[in-house]
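The values are calculated or read from the model by the stated rules, or taken from the named source; none is laboratory data. Note that this is a predicted model, so its numbers are computed, not measured. Please note: Cβ atoms are built from the backbone with ideal geometry, for glycine as well, and neighbour counts cover all protein chains shown. Ligands, DNA and RNA are excluded from the accessible area calculation, which covers all protein heavy atoms including side chains. Shrake-Rupley method; radii C 1.70, N 1.55, O 1.52, S 1.80 Å.
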Amino acid sequence: MNHKHSDDPKFSQLLDSVRECRLCEASLPMGPRPVLQLDPRARILIAGQAPGLRVHETGIPFDDPSGDRLREWLGISRDVFYDAKQVAILPMGFCYPGTGKSGDLPPRPECAEAWRYQLLQQIPQVELTLVIGQYAQKWHLPNMKKNLTETVRAWKDYGDGVMPLPHPSPRNNIWLKKNPWFSESLLPELKKAAKHALKT
Ligand code: SF4
């Protein structure tokens, strides 16, 4: 059993280093502001994309309509969601990458390279990982299908403890309508898996 705690000096040092990171500053239109939530006791990991502008401003991950939908998908309250001892939130890029012609730009690739492995090693008690969107899926899933829809549709292939998901953004409402199996089959299992992981 791992007895690491959030007051472990090595863990705190690592988290401080991330919070002070300026590695890809030159590519960030609003400058660095890493947004993540991490405690070694976390039981659910949310592997997302990158903060949007609103989250960059508030510093609170998923404090937006996407977050409301994600909490609804999981069947958990805001209190549980923002309890780092229960839920870790590690996007593929920790800082807002800016916006391009068709929405937010991809997460900065330097970020996962610099931080991801070492941070994931700090959360050994995670029982359920939500792999949200194509960037997280490319990194976290060894055998991703040909596109996001097919990957999510094949969720059972990834075994217990891993759930590929589309981004919960209201921009994906059309996707949700086109893929009713998602709400009918996957979401009830996701709620069960979250309950199990949190031991509630
Ligand atoms: S996106 Fe990641 S690598 Fe770039 S400055 Fe922010 S924390 Fe550092």
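The combined condition, being open to solvent by 30 Å² or more (accessible area, probe 1.4 Å) and modelled with pLDDT of 95 or more, is fulfilled by ASP68. Scanning the range 142-162 for residues that are among the aliphatic types (A, V, I, L, M) and open to solvent by less than 10 Å² (accessible area, probe 1.4 Å) turns up just one, VAL152.
Right, PHE94: more than 16 Å from the ligand (Cβ to nearest atom) and crowded, with 16+ Cβ neighbours inside 10 Å or not? Before you say what the answer is, go through the steps one by one.
Working: more than 16 Å from the ligand (Cβ to nearest atom): no; crowded, with 16+ Cβ neighbours inside 10 Å: yes.
Considered against the rule, which asks whether it is more than 16 Å from the ligand (Cβ to nearest atom) and crowded, with 16+ Cβ neighbours inside 10 Å, PHE94 comes out as no.
Taken over the range 160-180, the residue count meeting the criterion of being more than 18 Å from the chain's Cα centre (by Cα) and closer than 19 Å to MET144 by Cα is 2. Of the residues GLY75, GLY133, the single one that is open to solvent by less than 10 Å² (accessible area, probe 1.4 Å) and not aliphatic (A, V, I, L, M) is GLY133. Of the helices (runs of 4 or more DSSP H) entirely within the range 81-186, those holding at least 3 residues that are farther than 21 Å from SER17 by Cα and touching a residue at least 40 places away in the same chain (Cβ under 8 Å) occupy 133-140.
If you filter the range 10-32 down to residues that are of a type outside the set (S, T, N, Q) and open to solvent by 90 Å² or more (accessible area, probe 1.4 Å), you find that the one that is farthest from the ligand (Cβ to nearest atom) is LYS10.
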